[in-house]
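Encoded as structure tokens, the structure appears first; notes follow it.
The values are calculated or read from the model by the stated rules, or taken from the named source; none is laboratory data. Predicted model, so just to flag it, every value in this text is computed and none were measured. Neighbour counts run over all protein chains shown; Cβ positions are idealised from the backbone, glycine included. In case anyone asks, the SASA skips ligands and DNA or RNA and just uses the protein heavy atoms, side chains included. Shrake-Rupley method; radii C 1.70, N 1.55, O 1.52, S 1.80 Å.
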Amino acid sequence: AEQWNLDIEKDLGHDTVFDIAYVGNHGVHQQLPAGLNDNGQGLDQLPDGYDSMGSALTTPVPNPFYGFITSGNLSGKTIPAGQLLRPYPQYFNLWNAANTAAGSNYNALQTKIEKRLTQGGTLLATYTWSKDMGTADTQTGFQEAVQPGEVQDWNNLQAEYGPLSYNVPHRLVAAYVYDLPVGKGKRFLGNSNGIVDKVLGGWGVDGITTYALGFPLIFTAQPTFLSQQFGAGQPRPNVVPGCQKKLSGSAVSRQHGWFNTSCFTAPSNYGFGNEPRTDSTLRTQGIANWDAALFKNAAITEQVSMQFRAEAFNMWNRVQFGQPSALCCNNSTDKSNASFGVISSQLNLPRVIQFAMRLNF
């Protein structure tokens, strides 16, 4: 990993600081993305030049390994003709789990502004505009909300280049802590004491607000002869030329049809789809979340104080949907998927409210 950055910070006065930075990262000799059922890069994929033979690849021919291989796919008297055209025909599949032919690059503009309030409290806002590209991806996709895009054609790794599965171009986060200027020693009712200060003084609010775009969608297609018999990777669908994949409307209105499913068709059994490994034009629903709290500090003695907190998570009760089904297609009877484009999960929780009381001494 090669990393570089340039950071400029400016004091704007009035207890306010602004920071802007460029951050870059270049990854080389990284592992290729692998799915749950893959062990690494396929070394024994049928060369792409033979794909045009079509169904002739599956024509049974005498097995030259008969008698030498006594179990598995190559143990019969006949084998598909395409098997003999693979780089290592004596193996049904051959993988290199340690292949490091992938790479990645990250470029980002990161900004931050922070203000300290004279009456007590802090306002902090950060914004990141970034792009994460490459042929590498996370190796622990089973732990992520979105599975990473997998390699389709091991013979053409450059066609796998694109946004990584966790690429989020825009992200805004604001955090704030504010002591209300009411009560003894504050701007309002500064001379109050006794019951007035006990009731009205010591209040404050804090919270975190997050807005971010969603992850790019990862489209896959039903298995093909190339992927099942001749060592190719996870198939992807074809995109109808000129078709508008993105649909308008709110997230709620599109949960049963997140994108235009008619734009995708199943690939040939002896070819590859032209849909990219990750689709930057179609994304999961982004984040629009507010967490906030109202608190009150009360002094009991000089050494002992108590804080009461009322906290709301997902304060506006906004739903964040999960990834729609992106397994193509619903355009043919033998490769159908009725749930294509339908969302059936939710990533966040409904509004959660909790109360807490803490004794400090």
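A few points about this structure:
- Once volume of the Cα convex hull per residue in Å³ is calculated for the structure shown, the corresponding label among [x] 179; [y] 150; [z] 201 turns out to be [z].
- Derived scalar couplings ³J(HN,Hα) [the stretch 55-68; Karplus, 6.51 cos²θ - 1.76 cosθ + 1.60; whole Hz; x for Gly, Pro]: 5, 4, 5, 9, 5, x, 10, x, 8, x, 9, 4, x, 8
- The share of accessible area on the chain that comes from carbon and sulfur is 57 percent, using a 1.4 angstrom probe.
- Under 16 Å from the Met357 label point (7 Å along Cα→beta-carbon), backbone N, the stretch 296-323: 296-301, 305-311
- Protection proxy ranking, peptides 87-93, 161-167, average beta carbon neighbours within 10 Å, highest first: 161-167, 87-93
- Karplus-derived HN-Hα couplings along the stretch 241-258 (A = 6.51, B = -1.76, C = 1.60, θ = phi - 60°), whole Hz, x at Gly and Pro: x, x, 7, 7, 6, 8, 9, 8, x, 6, 4, 5, 6, 9, 5, 9, x, 5
- The chain - percent relative contact order, Cα under 8 Å, separation 6 or more: 14
- Gly257 long-range amide H proximity, modeled H, under 5 Å: Ile343
- Accessible surface, the stretch 250-361, averaged per residue in Å² (probe 1.4 Å): 54
- Square roots of five times the Cα gyration tensor eigenvalues for the stretch 29-169, Å: 50, 15, 11
- Rounded if a/c under 1.5, otherwise prolate or oblate - the stretch 68-115, Cα gyration tensor axes: prolate
- Amide H to amide H, with H built 1.01 Å from N, Arg283 comes under 5 Å of Leu217, counting only residues 5 or more places away or on other chains.
- If you look at the Cα atoms of the stretch 192-315, you get an Rg and a Dmax of 27.1, 84 Å.
- Among the protein heavy atoms, those of Thr59 account for about 70 Å² of accessible surface (1.4 Å probe, every chain in place).
- For Ile287, solvent-accessible area (1.4 Å; no DNA, RNA or ligand), Å²: 60
- Accessible area per residue, Å², the stretch 28-116 with all protein chains present, probe 1.4 Å: 56
- The stretch 18-162: relative contact order in percent, alpha carbon pairs under 8 Å with at least 6 residues between: 34
- Amide H partners (placed H, <5 Å) of Asn348, local residues excluded: Gln320
- When each of the peptides 261-273, 342-354 is scored by how many other beta carbons lie within 10 Å of its residues on average, the order from highest to lowest is 261-273, 342-354.
- By definition, a body whose alpha carbon gyration tensor gives a ≥ b ≥ c is prolate when a/c is 1.5 or more and a/b is larger than b/c, and the stretch 125-264 fits this prolate description.
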